[in-house]
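Here the structure is laid out as structure tokens; the discussion comes afterwards.
Just so it is clear, none of the values below were taken in a lab; they were calculated from the coordinates. If you're wondering where the values come from, they're calculated on a predicted model, not measured in any experiment. Here the Cβ positions follow ideal geometry from the backbone for every residue, glycine too, while neighbour counts run over all protein chains shown.
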Amino acid sequence: MTKPPLTLYLAAPRGFCAGVDRAIKIVEMAIEKWGAPVYVRHEIVHNKFVVDDLRAKGAIFVEELEDCPDDRPVIFSAHGVPKSVPAAAEARQMVYVDATCPLVSKVHIEAERHHANGLQMVMIGHAGHPETIGTMGQLPEGEVLLVETEADVAGLAPRDPERLAFITQTTLSVDDTAGIVAALQARFPAIVGPHKEDICYATTNRQAAVKAIAPKADAILVVGAPNSSNSRRLVEVGAKAGCSYSQLVQRAENIDWRALEGIGSVGVTAGASAPEILVEEVIDAFRARYDVTVEQVETAVENVEFKVPRVLRQMA
């Protein structure tokens, strides 16, 4: 039987960003340096495949520092942690390595700088997300007010409307965030914004690639984890940019083939914490069912690299 033809639009950039790459490398190097087990507070990045792979190499994932013994190294995830976490590790004289993405650390520094200047912070982010918890935890209780939507802006009750600054989670939808920022600026004209946008280059680039693909694809599949903020935003961006079927899939086995019956083109991308091997798995699954023509849609070239902490560079 001849396979039906299918054009597969492959987004570029897609998949791992420099912060994720660095975080995974930190866990691998820590195991190499100190031997197994090495403890990791929270999933190092939001991807089950990556976490399972590191677990097999000797990483033990825990939710809180209390779950770690004093005598083994602990790594803090790429999403960042509240200030209280490294302080507690130091109090217990633990060896710890901070794998916080440098672009998240930049937002932490920004928040502290505004706080030192007497400004109260408004954070645009998702309640309960580890990055939001980590960023809000850089400042004393009550110093960071959280907004998730434009509607939330109306309910803000700052200490002094003239002394405000805003920061954002690094993995938000660029377009949604622009709407929230506009609402903040309309209500608080004196509010101070970031020196340079907080949404990271990788999030912005991956969303731009999806926007380029969406109008010409019958379906978009985003390879990523359900708890990955940037992956879920890619699904939303695809739908908003004109693709009526935009779905998140963890692995090729999660593809709903019945929903894709009769399609002629599909866009494929991956969230910043999804490894390329999972994208290849999805492409192979399509090749098994269709006569596939792959077209790469490249909207940016990334060459960002972040160094691992010095403690791991001194491997000797």
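Anything in the range 11-42 that is in a helix (DSSP H, G or I), under 30 Å from Ala209 (Cα atoms) and not aliphatic (A, V, I, L, M)? List them, or say none.
Scanning the range 11-42 gives Gly19, Asp21, Arg22, Lys25.
Please find, among His79, His108, the residue that is in a helix (DSSP H, G or I) and either buried (at least 16 other Cβ atoms within 10 Å of the Cβ) or not basic (Lys, Arg) (or both). Let's see the steps before the verdict.
Numbers: His79 fails: in a helix (DSSP H, G or I).
Matching residue, one of His79, His108: His108.
State which residue is surrounded by the most Cβ atoms within 10 Å (Cβ to Cβ) when the search covers only the range 124-175 and only residues that are among the acidic types (Asp, Glu) and in contact with a Gly (Cβ under 8 Å, 6 or more places away or on another chain).
First, pick out the residues of the range 124-175 that are among the acidic types (Asp, Glu): 131, 141, 143, 148, 150, 152, 160, 162, 175.
Add one more test, that the residue is in contact with a Gly (Cβ under 8 Å, 6 or more places away or on another chain), and what stays is 131, 148, 150.
Working: Glu131: 24, Glu148: 17, Glu150: 15.
The selected residue is Glu131.
Output the number of the condition that Cys243 fails; it satisfies all remaining conditions of (1) surrounded by 14 or more Cβ atoms within 10 Å (Cβ to Cβ); (2) in contact (Cβ under 8 Å) with a residue 40 or more places away in the chain.
Exception for Cys243: condition (2).
Within the range 76-127, can you find the residues that are without any contact (Cβ under 8 Å) to a residue 24 or more places away in the chain and touching a Phe, Trp or Tyr at 6+ places or on another chain (Cβ under 9 Å)?
Passing the criteria: Pro86, Glu90, Tyr96.
One residue is enough: does the range 201-217 have a residue meeting the conditions assigned to a loop (DSSP other than H, G, I, E, B) and either surrounded by fewer than 24 Cβ atoms within 10 Å (Cβ to Cβ) or of a type in the set (D, E, K, R) (or both)?
Looking for residues that are assigned to a loop (DSSP other than H, G, I, E, B) and either surrounded by fewer than 24 Cβ atoms within 10 Å (Cβ to Cβ) or of a type in the set (D, E, K, R) (or both), one finds none in the range 201-217, hence no.
Only one of these is part of a loop (DSSP other than H, G, I, E, B) and within 22 Å of Gly19 (Cα to Cα): Pro194, Pro158. Name it.
The match here is Pro194.
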